[in-house]
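> Let me begin by handing over the structure; questions about it come next.
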Amino acid sequence: MLEWQKTRDEIGKLIANSRSDFAAQIDAVRAGKQLAQLPVIHVAKPPPAPKPAAAAIAAVPSFDPQQQQQSVFPVISYFESF
């Protein structure tokens, strides 16, 4: 879980930096600078998602297609019987 929080924080910082860069360019344009005079803004790619922990993987229930699934909508099941 700590890895996910670190990744979320890192992405938050990347977003804040991008917003700051764009705001600086908007201010420059409002001050009369031409778009061609502005430097190119490079938006950083987000870091890859952390690998799931073994305990988290073990806690996820597995899907068993052999199990009889009950309909969430009993009305539909009623009409399907006709």
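> Kindly list, by first and then second residue, each pair from a residue in the stretch 26-53 that is at pLDDT 90 or above to a residue that is loosely packed, with under 10 Cβ neighbours inside 10 Å, limited to pairs with Cβ atoms under 7 Å and residues at least 6 apart or on different chains.
From residues that are at pLDDT 90 or above, the pairs are VAL29/LEU35.
> Looking at the stretch 1-36, which of its residues are farther than 30 Å from PRO52 by Cα, acidic (Asp, Glu) and surrounded by 11 or more Cβ atoms within 10 Å (Cβ to Cβ)?
Selection gives ASP21 alone.
> How many residues are more than 26 Å from the chain's Cα centre (by Cα) and assigned to a loop (DSSP other than H, G, I, E, B) if we restrict to the stretch 1-38?
Qualifying residue count, the stretch 1-38: 5.
The values are calculated or read from the model by the stated rules, or taken from the named source; none is laboratory data. None of the values given here were measured: they were computed from a predicted structure. Note that we place each Cβ from the backbone using ideal geometry, even for glycine, and neighbour counts take in every protein chain shown.
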